[in-house]
Amino acid sequence: MRNHDNHAQEPSCSCHHCRKHTRIPVCRELAYVTNSGSESSPGNTVSVIDTETDRVIDTIKVGSRPTGVAITPNGRRVYVVNRFDNNVSVINTASGKVIDTVAVGLGPSAVVITPDGTRAYVTNTRENTVSVIDVPSNIVTDTIPVGNNPLGEAVGNTPFGTRDYVANLNDDTVSVINANPDSPAYNTVIFTVPVGDGPVDVAMTPDGTTVYVTNENANSVSAIDTGTNAVVTIPVGTTPSGIGIGHTPFGVRAYVTNENSDDIYIIDADPTSPAFNTVVDVITKNVGDSPSDAAFTADGLKAYVPNNLDNTVSVIDTSTNEVITTIKVGVYPNIIVIGRVCSVPPHC
């Protein structure tokens, strides 16, 4: 269902308005949240939140049991993993409609997109592989064997090239995939890094020097140095499930969502800081039931956290580390991504 209330103050499309504005894009920073649903109440939708107003402006129908979600760097496409359908829905962000469906492996869980926007990597939990999608064509071009039960992943440019870090739940490892097309080792696992018990989610710092992995059975986060593969273990809350990293008023921070203690641990992720790789704050007040992920606005002033069992998203002011509002979304909100989306006003 599309909510049109947010258009109430937009100018009408008079011919004069169209002549003046049809070539000027309308850009907003939007958050896309997958609503995974339950057996009794299927979600099968993506809620779209305008981060300026903190209101849901659209609800997009996708496949069965959507989990992972990613947005292209240019903001034109959103990729949504449908776990029960073994495919990925591709959303045109300008129209808010699914324009393609890509078949991948069995039990897909997460999706990430390379910084150049050319490839999407999808973890397939039931066949221990990663599918590689060519973004311009939406064709699967490669399938990469990884560890046992791959779940979350993070791709980015490290000082040693583009790499995809994949958490293998049942192996207690992270598979490191060389994602540099110019490398002889392209799309192969070049390292396997032991981490804590039950790795679930992964996030990379903006400079690509550190990767953080939540270990849900160990109540810890593993911080991996991307240059040496050395691991530092950081104790956090109970059953850490999700993690997001962003620039905040206090520097680079990793927000760890702990689904059983219903709190958010904040790790200093700035390698130049004396507090690097330590917990510097804990958010406990007004956090929802079973927080599952975190994503930041581009300016780093707000963080958004889906709460599985509340069917809500908490909005956090990163300058105070306080929850400032709660947004109602679909059933069992799971993973969230934020990006800048532009559209062009319609012609008269």
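The values are calculated or read from the model by the stated rules, or taken from the named source; none is laboratory data. All values derive from a computational prediction rather than experimental measurement. All Cβ positions, glycine included, derive from the backbone under ideal geometry; neighbour counts span all protein chains shown.
Structure data summary
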{"read-out": "Verdict on Val189 being at pLDDT 95 or above, touching a strand residue (DSSP E or B) at 6+ places or on another chain (Cβ under 8 Å), over 21 Å from Gly244 (Cα atoms) and surrounded by fewer than 20 Cβ atoms within 10 Å (Cβ to Cβ)", "value": "yes"}
{"read-out": "Counted residues, the stretch 308-333 - those being outside any loop (DSSP other than H, G, I, E, B) and surrounded by fewer than 24 Cβ atoms within 10 Å (Cβ to Cβ)", "value": "11"}
{"read-out": "Failed condition for Thr272, given (1) part of a strand (DSSP E or B); (2) out of contact with any Phe, Trp or Tyr (no Cβ under 7 Å at 6 or more places or on another chain)", "value": "(1)"}
{"read-out": "Test: residue in the stretch 252-268 that is farther than 23 Å from Asn334 by Cα, free of Cβ contacts under 8 Å to residues at least 40 places away in the same chain and in a loop (DSSP other than H, G, I, E, B)", "value": "no"}
{"read-out": "Verdict on Asp299 being outside any strand (DSSP E or B) and either crowded, with 19+ Cβ neighbours inside 10 Å or not aliphatic (A, V, I, L, M) (or both)", "value": "yes"}
{"read-out": "Yes/no for Asp289 being acidic (Asp, Glu), under 15 Å from the mean Cα position of the chain (by Cα), closer than 30 Å to Ser40 by Cβ and in a loop (DSSP other than H, G, I, E, B)", "value": "no"}
{"read-out": "Pairs where the first residue, in the stretch 38-58, is closer than 21 Å to Asn87 by Cβ and the second is outside any strand (DSSP E or B) and among the aliphatic types (A, V, I, L, M), C-beta under 7 Å, 6+ apart", "value": "Ser38/Val331; Gly43/Val331; Asn44/Val62; Thr45/Val62; Val46/Val62; Ser47/Val329"}
{"read-out": "So Asp171, is it more than 18 Å from the chain's Cα centre (by Cα) and in contact (Cβ under 8 Å) with a residue 24 or more places away in the chain", "value": "yes"}
{"read-out": "Within the stretch 223-251, tally of residues that are free of Cβ contacts under 8 Å to residues at least 60 places away in the same chain, under 19 Å from Arg163 (Cβ atoms) and in a loop (DSSP other than H, G, I, E, B)", "value": "3"}
{"read-out": "Of the criteria (1) among the hydrophobic types (A, V, I, L, M, F, W, C); (2) buried (at least 20 other Cβ atoms within 10 Å of the Cβ); (3) farther than 29 Å from Thr272 by Cβ, which one Val166 fails", "value": "(3)"}
